[in-house]
Amino acid sequence: MRETVYSMRAFERRLIDIMQSWEEELQAFRRRTKKSAQAWETAKKRIPFGVNSNYRLVDPYPLYVRKAKGSRIWDADGTEYIDFCMAFGALVAGHSHPVLAKAMRERVSNGTIFGFESIDAGPLADHVCRRFGLDRLKFSMTGLDATLFAVRLARAVTGRRRILKFEGCYHGSHDALMVSIKPKKEDSGDRRRPNPVPSSKGLLPELVQTAVVAPFNDLAATEALANEHADDIAGIILEPVPMNMGYVPPKPGFLGGLRKVATEIGALLIFDEVKTCGKWYAGAEEAFGVTPDVKVLGKAIGGGFPLAAVGGPRSIMDQVVPGQIGHAGTFNANPLSISAGLVTMTKILTRSGMRHAQQIGDDLAKGYRDIIGDHGLEMVVQAGGISGTVHFARRQVTDWRSFQDVDVGRWWGYYTAMLNRGIVPMATGPDEQWTSSVAHTKADVSRHLDAFEDVAESMKRGRAEMSLVEAV
């Protein structure tokens, strides 16, 4: 999950600089979503800012949703949208898949949590291990839980302190990794040796300093930083495809180079596949041919229920001994999530299901490229697997520094206009991506592209001076 807060107030203050069409889009959004505005006002009375994940806070107010099914959602006003956010990649199975819904009705009628292990935990673990090339795994609830445990595991196994992470990458909102997620230029330091910048108040400075921050897609700079701290780096953690700055594919040789660096310095290479495990049938290893020491899985594997896992070879995972390396949680491997995961992985996200979702994603990316080319727009499409993004930029985004050239204001105009045409084009924010699912159809892609065609010429005109705001 990986949303970002944007200052829409900056957008509104500068409407004078924006073509009348964009002002009309904003006003149309307000007219269409009056019940969302009301829901927000009600929520704010007891919930700070009216949201339970800071990343959901957007101006003028969040969209509040009443129901969802298949590839569709309906907001508080009853407006239907074709959804290409899909809960930030968690719903590759689609909303309320009928096979999953039937199984979960039966599950709920027979107990929702036991305080003991579910009989389905072993079969699901077996499937996940075979599918993702693991010997052993431990189930958790969320990506946050799982990356937290992966960091603890790396430190316990190696006896070291530091974790090397990449600038602009997000791994959940726990203290060890809330560093340099969206740092400002003036705080970031040298591109090849970024400063560790805390992403929230309340972080201990000494903990922030245990993070070694490297530039993504720069193997030479990463290797130099790793060698400088070689005796104290417990793990190198990354999303194989960073998805908190859009969709940033690794350069050829980058992942393989990290594998070599980690081996040479004796650190664990950790793939945070909370998102990427659902982009290809067997995740990033299948896509890129590089094997990490530890994989963190999440989002899509639960079919919409909270489920995550940390897995790896016996030599590492068998060190998770009670009383030595802590791993616990009342809701870990609860029967609701385990049953949902088993049905989702074995009956819905099959090879054929994933091929369908990928074809939908490929068609959407091609359609965007064709329309962008036809209209001569300064936009770049970056896509792979079942996801992709449109960057309002002149050149490819390869890391956090190049992402900062993206025109955030123009992106927001595009997003608002697409919502007004019944399309949620991607997750909220220019640093996010679309997700295609087994529920999407070619007709959904056609409607999505028709909406973009309708607003394409407006993409050339007007812009708002907006900037990303770190949301923590």
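The values are calculated or read from the model by the stated rules, or taken from the named source; none is laboratory data. It should be emphasised that the depicted structure is a prediction, and the values quoted were computed from it without experimental measurement. Cβ coordinates were reconstructed from backbone atoms using ideal geometry, including for glycine residues, and neighbour counts include every protein chain displayed. Surface areas here come from the heavy atoms of the whole protein model, side chains and all, with no ligands, DNA or RNA. Shrake-Rupley method; radii C 1.70, N 1.55, O 1.52, S 1.80 Å.
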ask   = Using just the C-alpha positions of region 303-421 as equal point scatterers, what log10 of I(q)/I(0) does the Debye formula give at each q in 0.19 1/Å?
value = -1.06
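Between Rg and the Kirkwood Rh of region 277-351, both from Cα atoms, what is the Rg to Rh ratio?
Values: Rg = 13.8 Å, Rh = 13.8 Å.
Ratio of gyration radius to Kirkwood radius for region 277-351: 1.00.
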remark   = Projecting the Cα atoms of 297, 42, 87 onto the charge dipole of the chain, where Lys and Arg contribute +1 and Asp and Glu -1 at Cβ, the residue farthest towards the positive end is 42
query = Which of rounded, prolate, oblate describes region 242-294, given a ≥ b ≥ c as roots of the alpha-carbon gyration tensor eigenvalues and a/c under 1.5 marking rounded, otherwise prolate only if a/b is larger than b/c?
reply = prolate
request  = Enter the mean projected area of the convex hull around the alpha-carbon atoms of region 72-130, in nm², rounded to one decimal.
outcome  = 6.3
inquiry  = Helix check for the chain. Which DSSP H runs span at least 27 Å along their own axis by Cα, with a mean Kyte-Doolittle hydropathy no less than 0.0?
reply    = none
ask   = Relative to a virtual label point 7 Å from the Cα of residue 220 in the Cα→beta-carbon direction, which members of region 395-411 show backbone nitrogen distances below 19 Å?
value = 398-402
task = Sticking with the crude label model, points 7 Å out along Cα→Cβ, report the distance from residue 443 to residue 41 in nm, one decimal please.
result = 3.8
key: region 26-78 - convex hull of the alpha-carbon atoms, volume per residue in Å³   = 92
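For the cross-link pairs 182/366; 34/460; 34/102; 165/460; 165/299, which exceed 26 Å when the distance is taken from alpha carbon to alpha carbon?
182/366; 34/460; 34/102; 165/460
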task = Keeping all protein chains in position, work out how much accessible area residue 82 exposes to a 1.4 Å probe, and write it in Å² to the nearest 10.
result = 0
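Expected output is a single nm value to one decimal: the length gained when fully extending between residue 232 and residue 286, i.e. 0.36 nm times separation in residues minus the C-alpha distance. What is it? Please list the in-between numbers first.
Working: separation 54, 0.36 × 54 = 19.44 nm, distance 3.05 nm.
Gain on stretching residue 232 to residue 286: 16.4 nm.
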message = On a 1.4 Å probe surface of the protein chains, which of 346, 222, 158 comes out largest in accessible area, and what is the full order?
response = 346, 158, 222
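Under the rule of -39500 (n - 2.57) per DSSP H run of 4 or more residues, summed and divided by the residues of the chain, what mean residue ellipticity at 222 nm is obtained, to the nearest 500 deg cm²/dmol? Spell out each step's value before the answer.
Values: 18 runs with 178 residues, N = 472.
Theoretical 222 nm ellipticity from helices: -11000 deg cm²/dmol.
Mind ranking 23, 106, 117 by accessible surface for me, highest first, 1.4 Å probe? Display every interim value, and only then the final one.
Numbers: 23 65, 106 115, 117 135 Å².
Greatest to least solvent exposure: 117, 106, 23.
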task = Output the direction-averaged projected area (hull surface divided by four) of the convex hull of the alpha-carbon atoms of region 47-155, in nm².
result = 10.6
remark   = So, for the Cα atoms of region 113-236, Rg and Dmax in Å stand at 17.1, 53
message = Suppose we look only past 23 Å in the calculated P(r) of region 218-343. What percent of the Cα-Cα pairs does that tail hold?
response = 40
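Is there a quick way to get the dipole size of the chain? I mean about its Cα centre, with the Cβ of Lys and Arg at +1 and of Asp and Glu at -1; what is the value in debye to the nearest 20? Walk me through the numbers on the way to the answer.
Values: 60 positive and 54 negative charges, 180 e Å.
For the chain, the charge dipole is close to 860 debye.
What ranking, highest mean first, results for peptides 449-460, 143-154 when packing means the other Cβ atoms within 10 Å averaged over each residue? Present the calculation step by step, with values, prior to reporting the outcome.
Values: 449-460: 17.3, 143-154: 24.3.
Result, highest mean Cβ count within 10 Å first: 143-154, 449-460.
Could you rank the peptides 73-81, 438-446, 200-208, 295-303 by their average count of other C-beta atoms within 10 Å per residue, with the highest value first? Present the calculation step by step, with values, prior to reporting the outcome.
Working: 73-81: 16.4, 438-446: 18.1, 200-208: 11.4, 295-303: 29.7.
Final packing ranking: 295-303, 438-446, 73-81, 200-208.
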